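Written below as structure tokens is the structure these notes are about.
We did not get these values from a lab; they are worked out from the coordinates using the rules stated. Everything numeric in this text was worked out from a predicted model, so none of it was measured. Methodologically, a virtual Cβ is constructed for each residue, glycine included, from the backbone with ideal geometry; neighbour enumeration extends over all protein chains shown.
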Protein chains: 2
Amino acid sequence: MANNAMALDSIFHALADPTRRAVIQRLSRGPATVGELAEPFNMALPSFMKHVGVLESTGLIRSRKRGRIRTCTLERKKLAAAERWFADQRAIWASRYQNLDSLLETLTGEDRES
Amino acid sequence: MANNAMALDSIFHALADPTRRAVIQRLSRGPATVGELAEPFNMALPSFMKHVGVLESTGLIRSRKRGRIRTCTLERKKLAAAERWFADQRAIWASRYQNLDSLLETLTGEDRES
């Protein structure tokens with residue numbers, strides 16, 4: 001549980017940056033080299049590599065070097081774990097309304113009986 | 001678009017903390033006073049209020065003071081906006097596989113014809 005919370009901390013921290021979100025978005029279309037990923041950004045490569053490092057340390061992406069080319073791939077499972085957190089909150093919210101509905105039904109039923 | 005990116009930055013930053021996520025989770029069950037929200041945490045009230053402030057500044061929650069009691073409510077729409085970001089990435093990912101499927105179908109079709 002604590003591990004899961006720490007994982008969510010680092011995933012949400014990683015996603016709180018437009019460059020890193022753009023990298024995730026690009027990798028949703030398929031693997032890409034660091035050069036391809038960096039291309040749309042007006043950013044020095046060392047700065048860009050820091051963003052890649054943050055994403056990789058959270059497990060949101062992984063990379064592999066062949067010769068001088070590093071290719072990055074999205075780790076869908078990690079992204080899904082963060083998305084699940086939202087679904088969990090929605091479920092809590094929905095059950096609350098279901099409870100209110102049941103209460104209303106009970107009250108209307110009692111009304112009818114009286 | 002830039003505004004939307006800034007909103008996502010601040011929402012994900014706000015969610016990158018276990019106390020703030022716990023507050024959101026509690027408010028998914030319904031409105032609560034700051035006292036009720038702070039109760040499960042072993043934290044000085046000023047520190048806790050900083051977390052409430054971060055959540056409120058992103059628009060994820062809003063609060064209202066009546067007398068000395070401040071009550072907080074979840075802003076579902078803001079949470080939904082962040083959740084939508086994940087759905088968008090999933091859609092990109094899914095369309096990629098659909099494209100691969102179509103390609104495979106075309107290739108198999110060509111195979112059959114030759």
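Tabulated values for the structure
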{"item": "Gaussian network model of chain A, Cα within-10 Å springs - most flexible of A:R84, A:R26, A:R96", "result": "A:R96"}
{"item": "Dipole of the range B:2-113, positive direction: furthest Cα of B:A16, B:N3, B:L60, with charges on the beta-carbon", "result": "B:L60"}
{"item": "The protein assembly as shown - charge dipole about Cα centre, Lys and Arg +1 at Cβ, Asp and Glu -1, debye rounded to 20", "result": "940 debye"}
{"item": "Extreme residue, positive dipole direction of the protein assembly as shown, given options B:S28, A:L103, A:H51 (C-beta unit charges)", "result": "A:H51"}
{"item": "Separation of the A:M6 and B:F41 label points, Cα + 7 Å toward Cβ, nm", "result": "2.0 nm"}
{"item": "For the range B:2-113, alpha-carbon Rg relative to the globular expectation (2.2 N^0.38 Å, N residues)", "result": "1.63"}
{"item": "Estimated 222 nm signal from helices in the protein assembly as shown, with DSSP H stretches of n ≥ 4 weighted -39500 (n - 2.57), rounded to 500", "result": "-24000 deg cm²/dmol"}
{"item": "Rounded to 10°, Cα long-axis angle of helix A:2-15 versus longest principal axis of chain A", "result": "60 degrees"}
{"item": "Whole-Å semi-axes of the protein assembly as shown's equivalent ellipsoid (Cα gyration tensor)", "result": "41, 26, 14"}
{"item": "Per-residue HN-Hα couplings for the range B:92-98 [Karplus 6.51, -1.76, 1.60; θ = phi - 60°; Hz; x = Gly/Pro]", "result": "4, 4, 5, 5, 4, 5, 4"}
{"item": "Around A:N4: net Lys/Arg minus Asp/Glu count, Cβ-Cβ under 12 Å", "result": "+1"}
{"item": "Cα-based convex hull, the range B:1-57, per residue volume (Å³, whole number)", "result": "82 Å³"}
{"item": "Label-point separation in nm, B:I92 to B:A22, each point 7 Å along Cα→Cβ", "result": "3.4 nm"}
